[in-house]
Amino acid sequence: MDKDFKDFMGFITSEVRHIKEVVGNKRVLCGLSGGVDSAVTAAIIQKAIGNQLTCVFVDTGLMRLNEAAVVSDVFREQFKTDLIAVNAEDRFLSALKGVTDPEKKRKVIGELFIRVFEEEAKKREEFDFLAQGTISPDVIESVPADGQSAAVKSHHNVGGLPEKMGFKLIEPLRNLFKDEVREVGITLGLSEEIVYRHPFPGPGLAVRILGEVTKERCDTLRLADNIAVEELKNAGVYRDVWQAFCVLLPVSSVGVIGGERRYGNVVVFRAVNSKDAMTAEWSRLPYKLLASISDRIINEVNGVSRLMYDISSKPPATIEWE
Ligand code: XMP
């Protein structure tokens, strides 16, 4: 709508002015995750300071299938920006070895992420600023509502940050909700494919693998997840759903394959409708679609014997399973 468009143009103009003032002639490092928030963050900063921006994509090994390739293709092509891709899968998986507590996973990932950034920064010219795609719910949910109770969770972008980092932070989307971030992205001229991607959490598959995170479990989940997304796209409902993904449970369940009893992994498929991730309803997807997702995952992903569909709404059930 025209009025909204003007509002988002106004937001962009004033952020661009602010970023220019704060950054001056210094350099900014921006993490790209492949998600909407970091993409829009990079785009707005690029608009403000052009080639003073360098983007870094850290492949944590906890990403979706082919994510590293997609991110480097899209951002090198579309952003025409200086993009450094770092493969840190081994480091992340070894840091996560034996870690099962979700909050501990978040801290481990958040800290290592920043360290990898600092190392990249030190290898190149001086960077003074770190840009992050923190959005409003990240901030709200990381701060105890009454100042006493535990925060809902430590967000990778917020609570996971180590106290001593070598950068000043720039977070241009800090006061926006996801639908606003998308409008800003479209207004900035980003493609719909990027802007309407489902949200993906900073700690990635680590919060969708319950129990220990291993390469094998990441690979299993990646394949299952990719099938689910493919089926949603084939059915033409990907954009009707706020977020859809698979979760790998730390339990096995029996199946009969070739007349033999075999214990396999249980995968959960979650799809939710939401406006801002603060509340969410499970998506009433057609049975036919659920059936094809289930058939394909069980037949095509080695070691998966059972698929569940999560019919819990938020609150109280969060979108991620942790
Ligand atoms: P929950 O699970 O709290 O998630 O209902 C709300 C939204 O936030 C996403 N999410 C994250 N995003 N870093 C992020 O950048 C995180 O640590 C994180 N944890 C959850 C989640 O995918 C959902 O869209």
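Could you work out [θ]222 nm for the chain from helices alone, using -39500 (n - 2.57) per DSSP H run of at least four and dividing by all its residues? Round to the nearest 500 deg cm²/dmol. Dividing the helical sum by the residues of the chain leaves -12500 deg cm²/dmol. Accessible surface computed residue by residue for the chain, with neighbouring protein chains in place and a 1.4 Å probe, gives 48 Å² per residue.
Could you name the lysines in cross-link range of Lys168, using Cα to Cα under 20 Å and dropping any fewer than eight places away on the same chain? Here the lysines satisfying the reach criterion relative to Lys168 are Lys20, Lys26, Lys47, Lys107, Lys122, Lys123.
Its alpha carbons considered, the range 20-97 gives a radius of gyration followed by a Dmax of 13.5, 43 Å. Taking 37 °C and 0.692 mPa s as conditions, the range 236-282 diffuses translationally at an estimated 252 µm²/s according to Stokes-Einstein applied to its Kirkwood radius (Cα pairs). With contacts taken as Cα pairs under 8 Å at a separation of at least 6 residues, the range 1-90 carries a relative contact order of 27 percent. Just the protein heavy atoms count here, and of the accessible area of the chain at 1.4 Å, carbon and sulfur take up 51 percent. When the Cα positions of Gln243, Gly10, Ile49 are compared along the charge dipole of the chain, Gln243 comes out farthest toward the positive end, with charges on each C-beta of Lys, Arg, Asp and Glu.
Other residues lying with their Cβ under 11 Å from the Cβ of Glu15 contribute a combined charge of +2, Lys and Arg counting +1, Asp and Glu -1. For the chain, the longest principal axis of the C-alpha atoms and the axis of helix 102-123 are separated by about 40°. Rounded to the nearest 10 degrees, what's the angle between the helix 2-23 long axis and the longest principal axis of the chain, both from Cα atoms, 0 to 90? Between the helix axis and the principal axis of the chain, the angle is about 60 degrees.
Just the number: Rg to Rh for the chain, Cα atoms, Kirkwood Rh, two decimals. For the chain, the value is 0.97.
Stokes-Einstein diffusion of the range 247-322 at 37 °C, 0.692 mPa s viscosity, Kirkwood radius from Cα pairs, rounded to a whole number: 240 µm²/s.
Other residues within the sphere of radius under 14 Å centred on the Cβ of Arg124, judged by their own Cβ, net out at -3 (K and R +1, D and E -1).
Across the chain, C-alpha contacts under 8 Å between residues 6 or more apart give a mean separation that, scaled by the residue count, equals a relative contact order of 17 percent. Relative intensity of the range 201-255 on a log10 scale, I(q)/I(0) at q = 0.18, 0.26, 0.31 Å⁻¹, equals -0.67, -1.04, -1.21, per a Debye sum over C-alpha point scatterers of equal strength in the absence of solvent. As a ratio to 2.2 N^0.38 Å, the alpha-carbon radius of gyration for the range 178-230 is 1.46. With 5 Å bins beginning at zero, the pair-distance distribution over Cα atoms of the range 168-322 amounts to 2, 8, 17, 19, 19, 15, 10, 5, 3, 1, 1, 0, 0 %.
About its Cα centre, the chain has a charge dipole of approximately 260 debye under the convention of +1 per Lys or Arg Cβ and -1 per Asp or Glu Cβ, with nothing else charged.
The values are calculated or read from the model by the stated rules, or taken from the named source; none is laboratory data. Everything quoted here is computed from the prediction, not taken from an experiment. Glycine gets a Cβ as well: all are built from the backbone with ideal geometry, and neighbour counts include every protein chain shown. Ligands, DNA and RNA are stripped out before the accessible areas are found, and what is left, the full protein with its side chains, is counted by its heavy atoms. Shrake-Rupley method; radii C 1.70, N 1.55, O 1.52, S 1.80 Å.
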